[in-house]
Amino acid sequence: MPRFYAVVRTVVIAAMVFLSTIPAYAGQAASATQAAVQPSGVYYEIFVRAFYDSKGNGVGDLNGITAKLDYIKSLGVSGIWLMPINPSPSYHGYDITDYEGINPQYGTMQDFKKLVDEAHKRGIKVVIDMVINHTSDRHPWFKAALNPKDPHHDWYVWAKPDSDLQAISATGGPAWHRAPNGQYYVGVFTSAMPDLNYDNPDVRKAMIDVGTFWLHQGVDGFRLDAAQHIYDDLRSDMDSPVALKKNVVWWAEYRHALQAVDPNVWLVGEVARQNPDDLTPYMGPLNTVFNFPLATQLIDSVRQERNLGIGRGLEYTYVAYRTHADGQFDDAPFLSNHDQERVMSQLDGDMSHMRLAAALLLTLPGHPFIYYGEELGMQGTKPDENIREPMRWYRHGAGPGVASWKSWSTSDGPQVSVEAEQADPNSLLNLYRKLIGWRERVSALRDGALHNVPVADPHVLAYTLQDAQSHVLVVHNLSRETRTVALDSGAGSKVAAVLLQSKPGILFAHGQLSLPPYATAILR
């Protein structure tokens with residue numbers, strides 16, 4: 001698997017005596033002391049409005065993110081994904097009115113360029129949301145399109161005499177919406193988001209131009225919103241091979257055009273399907289897509305404290321990805337994002353389960369994504385506004401930079417805050433730092449080929465990861481009881497010692513690995 005990142009620096013890790021004084025690395029085995037530090041490959045998703053307010057007006061902004069880049073860097077992440085930063089009439093920004101502008105609530109283009117420059121100085125990539133399936137109904141293009149004689153009219157999808165105006169969209173709502181001119185147009189998500197017509201070459205060129213514009217501003221790539229819905233408009237299109245083919249042909253055209261501007265541009269698509277086979281066709285046209293099936297499987301396995309076939313499923317999926325993309329693919333695993341209830345809420349506030357979920361996510365290859373506040377254990381349930389709430393910086397809530405565009409809806413206490421968790425070496429925040437640090441030091445955790453290791457115990461998950469630099473065995477105890485695993489045959493016969501461990505008490509002797517509850521071990 002090719003690396004997206006160039007090596008920023010190489011250092012030799014000091015002796016374990018020194019490492020044990022740093023909370024993020026406490027408890028790791030001495031055999032890891034000679035590993036080299038490289039980018040972790042982890043991305044951090046940020047809702048700008050909620051993150052950090054530099055002006056004191058209650059709205060998070062770009063300068064606020066710049067002010068917190070050192071915090072972001074301290075996590076060990078290699079990149080950030082900014083949710084929409086363009087002008088929009090909505091709080092979330094997914095209905096854009098100007099693709100080459102900055103939401104004035106968030107700052108200016110100068111502020112954005114400063115953020116990109118400062119991020120790059122810290123070795124942090126910047127990926128922005130690219131929302132090109134639809135525009136806002138207030139976009140000048142759509143306003144012009146209301147005139148049937150205007151060239152922009154054909155930039156949108158209008159009803160024909162035989163169109164079923166009662167059809168359901170691919171997202172489950174009404175597909176057709178009445179415009180002020182009396183005609184009906186497709187809006188897969190809402191009437192405020194009219195879908196663009198990608199059969200029109202002018203639309204395709206305009207959107208390639210938009211991508212080119214942002215590459216010239218210094219961004220490193222794009223998160224492609226609603227990537228499956230370019231042609232997948234109606235419920236009847238969801239399993240249409242015609243719609244799928246047109247989708248992937250467009251994204252291949254888009255990637256090829258942007259690579260002519262920046263050969264290293266990185267494209268991650270949102271294809272919200274639960275069957276891994278539905279994601280495979282996008283590998284190649286895009287660098288990767290978010291692994292929605294895996295997110296569901298990880299959460300369910302943690303809840304049930306059972307291995308629900310994670311290793312076996314990933315081995316199958318990665319073979320399919322690799323075959324389809326001529327070996328050139330990444331994966332983008334995650335636990336939750338801005339459209340889903342927060343991980344801690346999905347796990348009913350169980351901290352042991354939350355820590356295990358983090359360990360599962362961050363010991364998988366590819367580019368894992370974490371959602372801001374996930375590293376603190378922030379809770380949040382639907383509606384969407386409540387899973388996009390202000391970042392918790394201080395024990396008692398209020399303080400400099402805290403966004404106040406909405407109040408918190410959850411019962412998170414003072415301990416769920418950066419201020420509290422920074423000071424606690426055993427906090428969830430410092431566990432995230434430790435796990436991400438592992439990825440910086442063991443290249444197979446980022447880039448390795450995954451092979452499932454069958455284990456008779458249904459409460460244990462094991463798999464190997466191997467690349468040119470390292471070969472490790474990853475073992476997770478998914479249960480609340482100590483488990484003992486025999487590693488004296490098969491893949492286990494090559495195991496030499498415990499390299500890294502998520503908590504104390506892991507023992508390996510005479511081919512037997514003993515794991516405390518919810519513990520993770522990396523063995524070489």
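The values are calculated or read from the model by the stated rules, or taken from the named source; none is laboratory data. Because the structure is predicted, anything quoted here is derived from the model rather than measured. Ligands, DNA and RNA are excluded from the accessible area calculation, which covers all protein heavy atoms including side chains. Shrake-Rupley method; radii C 1.70, N 1.55, O 1.52, S 1.80 Å.
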C-alpha long axis of helix 428-441 to longest principal axis of the chain, angle in °: 80 degrees
Distant alpha-carbon pairs in the chain (separation over 33 angstrom), percent: 41 percent
Normalised convex hull volume, region 135-246, alpha-carbon set, Å³ per residue: 117 Å³
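Is there a pair in K160/K245; K160/K205; K143/K382; K160/K246 whose C-alpha atoms are over 27 Å apart, and which pairs would that be? Don't skip to the end; give the middle numbers.
Values: K160/K245 23 Å; K160/K205 25 Å; K143/K382 32 Å; K160/K246 20 Å.
Beyond 27 Å between Cα atoms: K143/K382.
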Calculated diffusion of region 232-381, Stokes-Einstein form, Kirkwood radius summed over Cα pairs, 10 °C and 1.306 mPa s, µm²/s: 96 µm²/s
Crossing angle, helix 241-259 versus the chain [Cα axis fit, 0-90 degrees, rounded to tens]: 80 degrees
The chain, accessible area per residue, ligands and nucleic acids excluded (1.4 Å, Å²): 38 Å²
Of all accessible heavy-atom area on the chain, the percent that carbon and sulfur account for (1.4 Å): 52 percent
Alpha-carbon centroid distance for the pair region 188-263 / region 47-125, whole angstrom: 23 Å
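Normalising by the residue count of the chain, find the relative contact order in percent from Cα pairs under 8 Å and 6+ residues apart.
15 percent
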Semi-axis lengths, Å, region 43-187, gyration tensor of Cα atoms, sqrt of 5 times eigenvalues: 37, 16, 13
For region 379-524: span of alpha carbons on each principal axis (Å, largest first): 57, 34, 31
Percent of alpha-carbon pairs separated by more than 21 Å within region 193-294: 32 percent
Partner lysines for K55 [C-alpha distance under 23 Å; skip if fewer than 8 residues away on the same chain]: K68, K73, K113, K114, K406
